[in-house]
Amino acid sequence: MRAVLLRLSVLGGLILVWMLLWGSISVANFIGGLVVALVITLLLPLPVVPVEGKVHPLSLLRLVVQMTYWLVRSSIQVAWLAVKPGPPPVSAVLRAQFALKSDLVLAMAVNLINLTPGTIALEVDQARRVVYVHVLNAHTDRAMREFHDQMVTLERLLKAALERDADWRPAADKEAA
């Protein structure tokens, strides 16, 4: 049932994007979007990403609140760097080590990093769980420490929301049970 709902949500999302691209909601655009969505999902299927664990709503809410704070704060900082007089800010490529179990949650972490103004993930070492991040304003040891503290907090919040040890049962354990 979960797989069917997932496929239907992908189809629905693709149809919605199609109609938004055409700029109008009509039966013809819906049918055209359905045809395009079916062609995409049947001829160009994405690999299956294993999903483990459970979503914990309260912890997810904490993650959303913290991310919102970081987004507002970093937006203000980047805006200030853009208008303040003086030399351009010193940037650096910093390494963030994650102990996340799921590739999906690691991808979410990278996307959250990329959403934050002033940072962008340049490289992801999936096997070692290392992300190399370009940080816009890394001119002091304090700024670099704040980045690393933010990455530790991000990892902790993602684990609490999506990867608690008590909920984690890899596919091999499920088959044995």
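The values are calculated or read from the model by the stated rules, or taken from the named source; none is laboratory data. Everything numeric in this text was worked out from a predicted model, so none of it was measured. Cβ coordinates were reconstructed from backbone atoms using ideal geometry, including for glycine residues, and neighbour counts include every protein chain displayed. Keep in mind that these areas ignore ligands, DNA and RNA; they rest on the heavy atoms of the full protein, side chains included. Shrake-Rupley method; radii C 1.70, N 1.55, O 1.52, S 1.80 Å.
For the reader, a short list of remarks on this structure follows.
- Under 13 Å, Cβ to Cβ, from ALA160 - net charge with Lys/Arg +1 and Asp/Glu -1: +1
- Residues VAL17, VAL131, VAL27 ordered from highest to lowest accessible area at a 1.4 Å probe: VAL27, VAL17, VAL131.
- For the options MET19, MET144, MET108, a Gaussian network treatment of the chain with springs between C-alpha atoms closer than 10 Å singles out MET19 as fluctuating the most.
- Reference-scaled alpha-carbon Rg (2.2 N^0.38 Å with N residues) for the range 1-43: 1.15
- Simple spin-label estimate for ALA127 and GLU146 gives 3.6 nm between the two label positions (7 Å along the Cα-to-Cβ direction from each Cα).
- Two-site label geometry, PHE30 and TYR69: point separation in nm, points 7 Å out along Cα→Cβ: 4.4
- Ranked order, TRP22, TRP70, TRP168 - accessible area, probe 1.4 Å, largest first: TRP22, TRP168, TRP70
- Remark: relative contact order (the range 1-43) = 40 percent; criterion is Cα-Cα distance under 8 angstrom and separation of 6 or more residues.
- Neighbours of PHE147 by Cβ distance under 14 Å: Lys/Arg scored +1, Asp/Glu scored -1, total 0.
- Our estimate of slack between ARG164 and ASN111, defined as 0.36 nm per intervening residue step minus the Cα-Cα distance, is 17.1 nm.
- Hypothetical label at ARG95: residues of the range 122-164 whose amide nitrogen lies under 17 Å (7 Å Cα-Cβ projection): 122-135, 144-145, 147-149, 151-152
- Nonlocal amide H pairs with ILE120, under 5 Å, H built at 1.01 Å: HIS134
- With all protein chains modelled, accessible area of ASP149 [1.4 Å, Å²]: 90
- Residue-normalised accessible area of the range 57-166, given per residue in Å² at a 1.4 Å probe: 59
- Spacing of the two label points (7 Å from each Cα toward its C-beta) at ALA79 and LEU104, in nm: 3.6
- Vicinal HN-Hα couplings computed from phi for the range 82-97 (Karplus, 6.51 cos²θ - 1.76 cosθ + 1.60; Hz; Gly/Pro x): 6, 9, 6, x, x, x, x, x, 7, 10, 8, 9, 10, 9, 10, 9
- Entry for Rg and Dmax of the Cα atoms in Å (calculated from the structure that is shown) out of [x] 20.6, 67; [y] 18.5, 59; [z] 20.3, 64: [z]
- Backbone N under 17 Å from the LEU38 label point (7 Å along Cα→Cβ), restricted to the range 1-28: 7-16, 18-19, 27-28
- For the range 52-122 versus the range 125-162, the spacing of their alpha-carbon centroids is 8 Å.
- The chain: calculated mean residue ellipticity at 222 nm from DSSP helix runs of at least 4, using -39500 (n - 2.57): -20000 deg cm²/dmol
- Across the chain, C-alpha contacts under 8 Å between residues 6 or more apart give a mean separation that, scaled by the residue count, equals a relative contact order of 26 percent.
- When you filter the trypsin sites (Lys or Arg not before Pro) in the range 73-177 for DSSP loop state and at most 14 other Cβ atoms inside 10 Å of their Cβ, you are left with ARG128, ARG164.
- Solvent-accessible surface of the range 1-43, taken per residue with a 1.4 Å probe and all protein chains present: 79 Å².
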